[in-house]
Amino acid sequence: MAYDLLFKIVVLGEGAVGKTAIVTRFSHGFFRTDYKTTIGSQFAVKSIDITEDDGSRTTVKLQIWDVAGQSRFQILRPMYYRGASGGILVYDVSRRRTFIVLEEWLEELRKAINKDIPLVLVANKTDLPDRVVDPAEGYEFAKNHNMPYVESSAKTGEGIVDIFAELAKTLVKYRQNT
Ligand code: G3D
Ligand code: MG
C-alpha cells in the first residue's frame with residue numbers, strides 16, 4: 001500500500017556552490033540565474049516516488065531546508081539543523097576551496113544535532129569547463145564518509161532528481177531498520 005513519509009532535509013555547503021539552484025531545480029523544475037543570496041533560510045516541499053529494494057513503491061515527502069552558507073549566518077544555522085532526518089552536502093567542482101571545507105560542514109552539523117544522519121555528497125556545476133575537483137576525489141570522500149556520491153548540474157538538470165532519490169531511499173531504509 002502506498003503511504004507518505006515526511007522527512008526534513010538540510011542542504012549544506014559553502015556560499016555559491018549552487019544549493020538554492022539545486023533545490024529550485026528539484027522543487028520547481030527550472031533554473032534561474034538571478035537568485036538572491038539566501039537570507040537565513042527557506043524551505044521547499046516536494047514529494048518523490050521511490051522504488052524500494054523489494055520492488056514496492058513509496059511516496060516520500062521531503063521538506064528541504066536551504067540554509068544560508070555565508071559565515072555571517074553561522075550562528076543561526078544550528079537552529080535550522082534541528083530535527084533533520086537527512087542532508088545533502090554540496091560543493092562546486094570548479095572551486096577547490098568548497099571541497100576542502102566539506103569536513104567543517106560535517107562537523108558543524110554533528111555538533112548541532114549530536115548524531116549521524118544520512119547524507120548525500122553532491123558534486124555540483126559539472127557543466128562548467130573549468131572543473132578542478134576530479135570525480136575520483138569526490139567519490140573517495142563520499143566512500144570514506146559512507147555516503148552516496150552524485151554529480152549534478154543545476155543548470156542542465158543532470159543528477160538533480162538522483163540526489164533526492166538516493167537520499168529518500170536511504171531514509172526509508174534507515175527508518176525501517178530502526
Ligand atoms: P548557494 O545557494 O549555494 O549560495 P546559488 O548558490 O544557488 O545561489 O548559486 C550560486 C551561483 O552559481 C549562481 O550564479 C547560480 O546561477 C550558479 N549555479 C548554481 N548551480 C550551477 C550549476 O550547476 N552550473 C552553473 N554553471 N552554475 C550554477 P549567479 O551568477 O546567478 O550568482
Ligand atoms: Mg542560497
- Item | Residues of the stretch 150-169 satisfying the condition of being under 26 Å from Leu6 (Cβ atoms) and either open to solvent by 50 Å² or more (accessible area, probe 1.4 Å) or assigned to a loop (DSSP other than H, G, I, E, B) (or both) | Ala154, Gly157, Gly159, Val161, Asp162, Glu166, Lys169
- Note on the structure: Flagged in the stretch 128-156 as aromatic (Phe, Trp, Tyr) and over 19 Å from Gly86 (Cβ atoms), in numbering order, are Tyr139
- Message: Can you confirm whether Lys115 is of a type in the set (D, E, K, R) and either part of a helix (DSSP H, G or I) or exposed (fewer than 15 other Cβ atoms within 10 Å of the Cβ) (or both)?
- Response: yes
- Of those in the stretch 41-68 that are open to solvent by 10 Å² or more (accessible area, probe 1.4 Å) and at pLDDT below 85, the residue farthest from ligand 2 (Cβ to nearest atom) is Asp53
- Query: Would you pick out the residues in the stretch 118-147 that are open to solvent by 20 Å² or more (accessible area, probe 1.4 Å) and polar (S, T, N, Q)?
  - Reply: Thr126, Asn144, Asn146
- Query: Does Ile100 satisfy being closer than 19 Å to Ile64 by Cβ, open to solvent by 20 Å² or more (accessible area, probe 1.4 Å) and aliphatic (A, V, I, L, M)?
  - Reply: no
- Query: Does Arg25 satisfy the condition of being away from ligand 2 (no atom under 11 Å from the Cβ), among the basic types (Lys, Arg) and modelled with pLDDT under 70?
  - Reply: no
- Message: Being closer than 24 Å to Gln70 by Cβ and not small (Gly, Ala, Ser): is that true of Leu171 here?
- Response: no
- Message: Quick check on the stretch 123-130. Is at least one of its residues out of contact with any helix residue (DSSP H, G or I) (no Cβ under 6 Å at 6 or more places or on another chain) and within 16 Å of ligand 2 (Cβ to nearest atom)?
- Response: yes
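The values are calculated or read from the model by the stated rules, or taken from the named source; none is laboratory data. Quick caveat, the model's predicted, so the values are computed rather than measured. Neighbour counts are summed over all protein chains in view; Cβ atoms, including those assigned to glycine, are modelled from backbone coordinates with ideal geometry. These accessible areas exclude ligands, DNA and RNA; they are computed on the full protein's heavy atoms, side chains included. Shrake-Rupley method; radii C 1.70, N 1.55, O 1.52, S 1.80 Å.
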